[in-house]
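Data first, discussion second: the structure below is written as structure tokens.
No value in this document is a laboratory result; all are computed from the given coordinates. All values reported here derive from a predicted model rather than from experimental measurement. Every residue, glycine as well, gets a Cβ built from its backbone with ideal geometry; the counts of neighbours run over all protein chains shown.
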Ligand SMILES: [Zn+2]
């Protein structure tokens, strides 16, 4: 088990990257859901410090990445571009070196004041905090469409466009239904379904798509033609069955 001394050794070896702008990748799917690469890629890594069993990586802009190795995590620092097999959680790539985190069960981004930076509860936490997610969904405008809200990482972190579409189909909810017209039970069931589908995928289940990228094809439940239309600020494509996913005002075809 990695103890404090292992964390301190990791901090020492990571010093070769301090003071550099780093390229950031998160090859492991559980790490990818955290959106770390988007937030950190290209930033200056200001310092690396071991605090107890935690490794704190401070980036410009007041962002702190906290890594705890638990039982199985390990950091490896080597020459940039070294060959490897498998999918590490995190790669920080500097000019000549790269640091690779394997099995990093605790990896979160915080502000300098320690608060996690605006991210909602993680859909892949074990177990996920569905109550906290529900509270966040109810704290925003209830005129928002449920399909739009499910992609808002401040409400729940980690649900992507495909799982949003599939979870709403399973729950028979139109992505266009306003939050005001979605009960707590329906919202919770949708979040639980997203968790179950994503967890299954991590454990190797092959996803069967019911609506995602099935525009014009027959709904596997009712036979109606699947529709798609861009939704939300970022105009991500929503997919739904207009017959068996109810509610809301659908965009015209
Ligand atoms: Zn249908």
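Quick notes
- Put a dot 7 Å past the Cα of residue 60, heading toward its Cβ, do the same for residue 154, and the two dots end up 2.5 nm apart.
- Placing pseudo-labels 7 Å out from each Cα toward the beta carbon at residue 38 and residue 23 gives an inter-label distance of 2.1 nm.
- Dividing the summed helix terms, -39500 (n - 2.57) for each DSSP H run of n ≥ 4, by the number of residues in the chain produces a 222 nm estimate of -7000 deg cm²/dmol to the nearest 500.
- Ranked 229, 239, criterion: other C-beta atoms within 10 Å, fewest first: 229, 239
- Gyration tensor (alpha-carbon) shape descriptor, the chain, a/c threshold 1.5: prolate
- Distance between the pseudo-spin-label points of residue 246 and residue 125 (7 Å out from Cα toward the beta carbon): 3.2 nm.
- Within the stretch 10-45: backbone nitrogen closer than 14 Å to the residue 95 label point (7 Å, Cα to C-beta): 16-23, 45
- Highest to lowest packing among 188-198, 217-227, scored as the average C-beta count within 10 Å: 188-198, 217-227
- Among 200-213, 84-97, the order from most to least packed when residues are scored by Cβ within 10 Å on average: 84-97, 200-213
- Net length gained if the chain between residue 213 and residue 234 were fully extended (0.36 nm per residue, minus Cα distance): 5.8 nm
- The stretch 57-105, relative contact order [Cα under 8 Å, separation at least 6], %: 40
- Spatial separation of Cα centroids for the stretch 5-54 and the stretch 92-109, in angstrom: 5
- Stretch gain in nm, segment residue 110-residue 72, where the contour uses 0.36 nm per residue and the Cα spacing is subtracted: 11.4 nm
- If you run the Gaussian network model on the chain, springs between alpha carbon atoms under 10 Å, then out of 167, 11, 135 the most flexible one is 135.
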